[in-house]
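Have a look at the structure below before the remarks.
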Amino acid sequence: FAYYKPRGIITHSPGKGEKSIADIFENKGIFPVGRLDKDSEGLIILTDDGRAVKKLLSPECEREKEYIVKVKTPLNSRFIKIIRGGVNIEGYLTKKCRADKIGDFTFKIILTEGKKHQIRRMCAALGYTVAGLKRTRVMNIRLENLKPGQSREIKGEELETFLRELGLK
């Protein structure tokens with residue numbers, strides 16, 4: 001399933017008083033693949049297939065994940081160039097990525113790795129604070145017209161392509 005995780009929902013291991021994706025889908029036997037932090041929103045893949053989880057999350061596989069990011073201050077002319085080349089976050093240089101400015105405060109970024117809070121940390125290292133972060137795509141699976149809290153089954157050619165790209169078909 002493709003699920004639009006709203007802000008405020010926990011992907012894994014909620015604390016007291018927090019609501020997780022497992023609470024929403026408790027009887028379906030499915031679980032989220034990967035994470036999106038509490039303050040982020042957007043696409044999460046839900047599955048009951050452990051093979052897909054391993055193939056999707058394996059760092060050496062470099063699966064594309066696309067995000068729309070809004071920052072609190074206007075982006076300067078160097079930001080996109082710097083972020084594309086990799087950013088040093090606490091002694092780790094992130095992999096090169098694709099990024100494009102889409103507004104004074106907004107950019108699109110496509111990553112092939114997923115370190116904890118990576119985009120927020122990359123922005124912070126360059127002097128920016130993230131105001132909003134939304135994942136719009138994982139590989140060929142797109143958020144499409146889903147609204148926060150909605151899900152849709154991944155099927156047909158979309159599923160076939162996804163499984164083939166994961167090496168499961």
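Could you check T112 against (1) within 19 Å of C61 (Cα to Cα); (2) open to solvent by 40 Å² or more (accessible area, probe 1.4 Å) and say which number it fails?
(2)
Can you tell me how many residues in the range 21-30 are surrounded by 16 or more Cβ atoms within 10 Å (Cβ to Cβ) and either within 18 Å of the chain's Cα centre (by Cα) or assigned to a helix (DSSP H, G or I) (or both)?
Residues that pass the stated criteria total 2.
Residue check, R51 against (1) open to solvent by 80 Å² or more (accessible area, probe 1.4 Å); (2) not in a helix (DSSP H, G or I); (3) not hydroxyl-bearing (S, T, Y), all met but one. Which one?
If we test R51 against (1) open to solvent by 80 Å² or more (accessible area, probe 1.4 Å); (2) not in a helix (DSSP H, G or I); (3) not hydroxyl-bearing (S, T, Y), just (2) comes out false.
Which residues, taken from the range 77-92, are among the polar types (S, T, N, Q) and either without any contact (Cβ under 8 Å) to a residue 24 or more places away in the chain or open to solvent by less than 20 Å² (accessible area, probe 1.4 Å) (or both)?
Across the range 77-92, the qualifying residue is only S77.
Can you run down the residue pairs with Cβ atoms below 7 Å, 6 or more apart or on separate chains, where the first is in the range 52-76 and modelled with pLDDT of 95 or more and the partner is open to solvent by 80 Å² or more (accessible area, probe 1.4 Å)?
Taking only residues 6 or more apart or on different chains, the pairs are P74/D104; L75/K101; L75/D104.
Of the residues V87, V69, which single one is of a type outside the set (K, R), within 22 Å of R35 (Cβ to Cβ) and in contact with a Ser or Thr (Cβ under 6 Å, 6 or more places away or on another chain)?
Step by step, each of V87, V69 is checked, and only V87 is of a type outside the set (K, R), within 22 Å of R35 (Cβ to Cβ) and in contact with a Ser or Thr (Cβ under 6 Å, 6 or more places away or on another chain).
Would you be able to tell me the number of residues in the range 112-169 that are closer than 20 Å to I102 by Cβ, charged (D, E, K, R) and assigned to a loop (DSSP other than H, G, I, E, B)?
1
E18 fails exactly one of the following numbered conditions: (1) out of contact with any helix residue (DSSP H, G or I) (no Cβ under 8 Å at 6 or more places or on another chain); (2) part of a loop (DSSP other than H, G, I, E, B); (3) open to solvent by 40 Å² or more (accessible area, probe 1.4 Å); (4) touching a residue at least 24 places away in the same chain (Cβ under 8 Å). What is the number of that condition?
Only one criterion is unmet by E18, namely (4).
Taking the range 136-169 as the search range and keeping residues that are over 19 Å from the mean Cα position of the chain (by Cα) and among the acidic types (D, E), which one is most open to solvent (accessible area, probe 1.4 Å)?
Checked the range 136-169; the qualifying residue most open to solvent (accessible area, probe 1.4 Å) is E157.
The values are calculated or read from the model by the stated rules, or taken from the named source; none is laboratory data. Small disclaimer: the values here were computed from a predicted structure and weren't measured. A quick note on method: Cβ atoms are made from the backbone with ideal geometry, for glycine too, and the neighbour counts reach across all protein chains shown. To get the accessible areas, we keep the full protein, side chains included, count just its heavy atoms, and leave off ligands, DNA and RNA. Shrake-Rupley method; radii C 1.70, N 1.55, O 1.52, S 1.80 Å.
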